[in-house]
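Heads up, the thing below is written out as structure tokens.
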Amino acid sequence: MRGAIFLLCLTAAGCAVTGQPFQRQRAAANEAEIYLYRPYSYAGSLLRPPVVCGDSVARLGPGGYQVFKVQPGTVTCHTETEAADEVEFDTRPGGIYYLKEDIGWGVAIGHPHLYPMDSDKAQTEIQKCCVLEPGSIVEHQG
């Protein structure tokens, strides 16, 4: 019975990450936006590897998203635990890009994977995610 109540509460909350449901943000005209999101999945739910995009870093829990506002040009996003993954974007001013994070099975710890996504598929998936609270994105120190 307790398990059923817990699942009901989790479903009602809608997001494992606490925060506001997805809302598209507007970057300045001379910036691009990279939306990093992680659809809810119980597998790897305790793992929150850092994802670095340009000069900023965020740690997403399941059901979370974060937007990186970046300068146009080549932007590299990467993450790492006992395995690493990296994606490169050629961004343009006003451009909107989507990056899906997934945690796969590993030997000792889950392996993070990053997937560039097309806008239509990403829009469907990110609608179920919540933004990280302010302060969860920080400047990367090298």
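Determine whether region 60-83 contains at least one residue that is surrounded by fewer than 15 Cβ atoms within 10 Å (Cβ to Cβ) and out of contact with any strand residue (DSSP E or B) (no Cβ under 8 Å at 6 or more places or on another chain). Looking through region 60-83, none of the residues is surrounded by fewer than 15 Cβ atoms within 10 Å (Cβ to Cβ) and out of contact with any strand residue (DSSP E or B) (no Cβ under 8 Å at 6 or more places or on another chain).
State the number of residues belonging to region 1-29 that are at pLDDT 80 or above, touching a Pro at 6+ places or on another chain (Cβ under 8 Å) and closer than 20 Å to L114 by Cβ. So the count comes out to 0. Go over the candidates P116, P112 one by one and state the one that is in a strand (DSSP E or B), modelled with pLDDT of 90 or more, farther than 22 Å from R24 by Cβ and out of contact with any His (no Cβ under 7 Å at 6 or more places or on another chain). Of the residues listed, the single one that is in a strand (DSSP E or B), modelled with pLDDT of 90 or more, farther than 22 Å from R24 by Cβ and out of contact with any His (no Cβ under 7 Å at 6 or more places or on another chain) is P112. When each of T91, T76 is tested for being without any contact (Cβ under 8 Å) to a residue 40 or more places away in the chain and polar (S, T, N, Q), the lone residue that passes is T76. When only residues in region 18-48 that are hydroxyl-bearing (S, T, Y) and assigned to a loop (DSSP other than H, G, I, E, B) count, which is nearest to the chain's Cα centre (by Cα)? The residue in question is Y40. Going by the structure shown, is G135 under 25 Å from Q20 (Cβ atoms), of a type outside the set (S, T, Y) and modelled with pLDDT of 90 or more? In short, no.
Scanning region 30-48 for residues that are over 19 Å from T124 (Cα atoms), surrounded by fewer than 20 Cβ atoms within 10 Å (Cβ to Cβ), in contact (Cβ under 8 Å) with a residue 60 or more places away in the chain and touching a Pro at 6+ places or on another chain (Cβ under 6 Å) returns a single hit, N30.
The values are calculated or read from the model by the stated rules, or taken from the named source; none is laboratory data. These figures come from a predicted structure and were not determined experimentally. Neighbour counts run over all protein chains shown; Cβ positions are idealised from the backbone, glycine included.
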